[in-house]
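Input: a single structure, listed below in structure tokens.
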Amino acid sequence: MAIKLQLNSVVSLLLFTAIFGIGSDRHPAPDDPLLSRIVPSFNSTNESAISAIVRFGREANIPLGIVLDKQLCSLRFEEQRIDHASVRTALDQVSAALTSYSWSLEYGTVVFAPLDLPTATARFLSFVVSPYNVPEDTLQAQAGYEWLNIRASLRPNEGTALSILSSRKSLRWPPLSLSSITVREVLDRLVDRNPGGAWILFPIEDIEKAAESRPFQLIDYSSPVEPMSPCSSAAFQ
């Protein structure tokens, strides 16, 4: 049993390294424009961690990615106060309150992910999808279009159909041309554009079943703030 646990820890570390990087990749240069920006102030009191992180990203205009797990969903911030600190310092402060989580900067997007990244989640994020041209539309509609491509790449022998609804009141995001890149890069590219946004990935227990329903949610920072309930997803039932 001890050997099995040790091997599982090594595999988890290798997967985390491959997906999110370690060392210089996890901690970009001190003069990185995004991380050097100053956050005037941010306060969170008795707020769920997931809501506080997304609100921080929205208010500081930082594209975010969050890999959810049950532990993060159960965590609340009793008191988080940031006053005139760099983005890097603010992220370190928030990350310190998240047990077994770390942040990294990838393709202009700050991603919070568990250190013990499940194998199926790591495989999904590193899965390379086919090239695709996402048409101009709302961010939610573009997420739907790209999900069609991801699902078709996961199950190339099956047909894919999806009803995509667009609101005329929502901001239309410019088209996006994506080459053969990983799912992680696709999600980063979708939200790392003005006016910014966030992606949230739900737990994936089996990569073979990942195509059955879209396992991620996108948040458009330009849209009105609405109550968040990603932790009520079927993935946590």
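The values are calculated or read from the model by the stated rules, or taken from the named source; none is laboratory data. Owing to the predicted nature of the structure, the values given are computational and were not obtained by experimental measurement. No Cβ is skipped: glycine too gets one built from the backbone with ideal geometry, and neighbour counts run over all protein chains shown.
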Notebook entry, point to check: Has segment 116-124 got any residue that is part of a helix (DSSP H, G or I) and without any contact (Cβ under 8 Å) to a residue 12 or more places away in the chain?
Noted result: no
query = Just a yes or no: is a residue in segment 146-156 in the same structural domain as residue 188 (by TED's automatic domain parsing), touching a strand residue (DSSP E or B) at 6+ places or on another chain (Cβ under 7 Å) and surrounded by 15 or more Cβ atoms within 10 Å (Cβ to Cβ)?
reply = yes
Going through segment 65-82 in order, the residues found to be part of a strand (DSSP E or B) and either among the basic types (Lys, Arg) or within 26 Å of residue 193 (Cα to Cα) (or both) are 65, 66, 67, 76, 81, 82
(Q) Take residue 89 and tell me if it is touching a residue at least 60 places away in the same chain (Cβ under 8 Å) and either in the same structural domain as residue 50 (by TED's automatic domain parsing) or farther than 20 Å from residue 196 by Cα (or both). (A) no
Residue check for residue 113: surrounded by 17 or more Cβ atoms within 10 Å (Cβ to Cβ), at pLDDT 95 or above, in a helix (DSSP H, G or I) and among the small types (Gly, Ala, Ser): no
- Query: Has segment 175-186 got at least one residue that is surrounded by 20 or more Cβ atoms within 10 Å (Cβ to Cβ), assigned to a loop (DSSP other than H, G, I, E, B) and modelled with pLDDT of 90 or more?
  - Reply: no
